[in-house]
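Have a look at the structure below before the remarks.
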Amino acid sequence: MDKIIYYKDENLDEVVELFLDVFENEPWNDNWPSKQKAKNYFEDIINTPGFIGYLKYKEEKLVGVLFGHIVKWWEGDEFFIKEFFIDRNFQGQGIGSQMMEHLKIDLQKKDINNMILLTENHAPAAQFYQKRGFKVSPHTVFMFKNI
């Protein structure tokens, strides 16, 4: 059975397992020092005020995760997508598109009319989002400094 459900705390371990499998392989090649560090990362996301998480299951197997939080903004509340990933074996099969459509419908019910996110411009994710109507902001610059 295929379903999209809201995240529950009992799902944390399987979310972390899928996350590591996706992001420690191509094209990301992350190198998380431990499963516990990744779990701590997700606990921080989950404990962010306004958190909402969505999980996509295909025949009882977790195949997609979409986590974010509501941001209060003067033009209206926005949903900041913090993490969104699909099982490597299920990418390109429309699961990401299904999850984005589900998110859109759910946010409209909550009177949230904007979604925002950050992604690397060289990764396939940027093209995925642009095909779904996301635009590169001409007003925002993402900056960092190594210390």
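If I filter segment 122-147 down to residues being touching a Ser or Thr at 6+ places or on another chain (Cβ under 9 Å) and assigned to a helix (DSSP H, G or I), which single residue comes out as farthest from Leu66 (Cα to Cα)?
In this case the residue turns out to be Lys131.
Can you report the number of residues in segment 1-21 which are hydrophobic (A, V, I, L, M, F, W, C) and either within 13 Å of Leu66 (Cβ to Cβ) or touching a His at 6+ places or on another chain (Cβ under 6 Å) (or both)?
Residues flagged as hydrophobic (A, V, I, L, M, F, W, C) and either within 13 Å of Leu66 (Cβ to Cβ) or touching a His at 6+ places or on another chain (Cβ under 6 Å) (or both) within segment 1-21 amount to 5.
Please pick out the residue among Lys8, Lys82, Lys61 that is basic (Lys, Arg), modelled with pLDDT of 95 or more and touching a helix residue (DSSP H, G or I) at 6+ places or on another chain (Cβ under 7 Å).
Only one candidate qualifies: Lys82.
Would you mention how many residues in segment 61-75 are under 14 Å from the mean Cα position of the chain (by Cα) and among the charged types (D, E, K, R)?
The qualifying residues number 0.
Please go through (1) of a type outside the set (D, E, K, R); (2) touching an Asp or Glu at 6+ places or on another chain (Cβ under 7 Å); (3) surrounded by 12 or more Cβ atoms within 10 Å (Cβ to Cβ) for Met1 and return the number of the only condition it doesn't satisfy.
(3)
Just to be sure before I move on: is Thr119 assigned to a loop (DSSP other than H, G, I, E, B), β-branched (Val, Ile, Thr), out of contact with any Leu (no Cβ under 9 Å at 6 or more places or on another chain) and within 27 Å of Asn25 (Cα to Cα) in the structure I sent?
yes
Report, by residue number, each residue of segment 11-32 that is surrounded by 10 or more Cβ atoms within 10 Å (Cβ to Cβ), at pLDDT 95 or above and among the polar types (S, T, N, Q).
Of everything in segment 11-32, just one residue is surrounded by 10 or more Cβ atoms within 10 Å (Cβ to Cβ), at pLDDT 95 or above and among the polar types (S, T, N, Q), namely Asn11.
Residues that are farther than 14 Å from Phe19 by Cα, outside any strand (DSSP E or B), at pLDDT below 95 and acidic (Asp, Glu): does segment 33-46 have at least one?
no
Would you be able to tell me the number of residues in segment 59-116 that are in contact with a Phe, Trp or Tyr (Cβ under 6 Å, 6 or more places away or on another chain) and part of a loop (DSSP other than H, G, I, E, B)?
Qualifying residue count for the region: 1.
I'm checking my understanding of the structure. Among residues of segment 33-56 that are surrounded by 10 or more Cβ atoms within 10 Å (Cβ to Cβ) and of a type in the set (Gly, Ala, Ser), which one is farthest from His122 (Cα to Cα)?
Selected residue: Gly50.
Have a look at Phe134, Phe128 and point out the one that is more than 25 Å from Lys39 (Cβ to Cβ), modelled with pLDDT under 95, surrounded by 13 or more Cβ atoms within 10 Å (Cβ to Cβ) and touching a Leu at 6+ places or on another chain (Cβ under 8 Å).
Result: Phe134 is the single residue among Phe134, Phe128 that is more than 25 Å from Lys39 (Cβ to Cβ), modelled with pLDDT under 95, surrounded by 13 or more Cβ atoms within 10 Å (Cβ to Cβ) and touching a Leu at 6+ places or on another chain (Cβ under 8 Å).
The values are calculated or read from the model by the stated rules, or taken from the named source; none is laboratory data. Keep in mind it's a predicted model, so treat the numbers as computed, not measured. Using ideal geometry, Cβ is built from the backbone for each residue, glycine included, and neighbour counts are taken over all protein chains shown.
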